[in-house]
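Since the structure comes first, as C-alpha cells, the remarks are kept for the end.
Nothing in this text is a laboratory measurement; each read-out follows from the coordinates by a stated rule. As the structure is a computational prediction, the values presented were derived from the model and not from experiment. Glycine gets a Cβ as well: all are built from the backbone with ideal geometry, and neighbour counts include every protein chain shown.
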Amino acid sequence: MKNLGQMMKQAQEMQTKMQEMQEKLVELEISGASGGGMVTVRLNGKGEMLGLHIDPTLFNSNDAEVVEDLIVAAFSDAKGKLEVRVAEEMSKITGGLNLPPGLNLPI
C-alpha cells in the first residue's frame with residue numbers, strides 16, 4: 001500500500017504541473033512562416049491564431065489560391081513548432097514517460 005500512496009501523490013503532483021503548464025501555454029507564442037517569410041502566422045500555446053501577416057506584394061497577384069496556400073502552409077509550420085514545444089514541456093513534466101498514443105495533452 002505504501003507504493004500505491006506514493007503513486008497517487010506523484011499523480012497529483014503531475015496533474016498540478018500539467019495545470020500550470022496549460023496556464024503557461026496561453027502566454028506562449030509560436031510563429032510559422034511560408035513563402036520565404038511572405039506569410040507569417042502567430043499562434044498561442046493552445047493553437048489559437050493570434051496574428052497573420054501577408055506581405056503586401058502578394059496582393060498584386062491575381063492568384064488568390066497562391067496566397068491561400070501560403071496561409072495554410074504558414075499555419076501548418078506554426079502548428080508543427082507548437083506541437084514540438086508542447087511535447088518538450090510534457091516530457092519535462094512526465095520525466096520522459098511516454099504517454100499512450102492519442103493522449104495529446106493539453107492541445
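Quick notes on this one:
- Cα-derived Rg over Rh, computed across the chain with Rh taken as Kirkwood radius: 1.19
- Spin-label model, residue 87/residue 24: points 7 Å from Cα along the beta carbon direction are separated by 1.9 nm.
- A Förster radius of 22 Å, combined with the Cβ-Cβ distance separating residue 17 from residue 46, puts the computed FRET efficiency at roughly 0.80.
- Helix-only [θ]222 nm of the chain, DSSP H runs n ≥ 4, -39500 (n - 2.57) each, per residue, nearest 500: -19000 deg cm²/dmol
- Gaussian network model of the chain, springs between alpha carbon atoms under 10 Å - residue of 73, 87, 64 with greatest fluctuation: 64
- Legend: ranking of residues 34, 91 from fewest to most surrounding C-beta atoms inside 10 Å; resulting order 91, 34.
- Highest-MSF residue in the chain out of 65, 48, 83 [GNM, Cα springs under 10 Å]: 65
- Neighbourhood net charge (15 Å Cβ-Cβ; Lys/Arg +1, Asp/Glu -1) for residue 16: 0
- For the chain, built as a Gaussian network whose Cα springs stay under 10 Å, the top-fluctuating residue of 70, 50, 25: 50
- Per-residue 3J(HN,Hα) values for segment 26-37, derived from phi via the Karplus relation 6.51 cos²θ - 1.76 cosθ + 1.60 with θ = phi - 60°, read 4, 7, 5, 10, 10, 10, x, 9, 8, x, x, x Hz in sequence order (x marks Gly and Pro).
- Residues whose amide H comes within less than 5 Å of that of residue 28, counting only those at least five positions distant or on another chain, are 45 (H built at 1.01 Å from N in the peptide plane).
- Each of 40, 94, 16 has some number of other Cβ atoms within 10 Å of its Cβ, and from fewest to most they run 16, 94, 40.
- Around the Cα centre of segment 27-94, unit charges on the Cβ atoms of Lys, Arg, Asp and Glu (plus for the first two, minus for the last two) sum to a dipole of about 280 debye.
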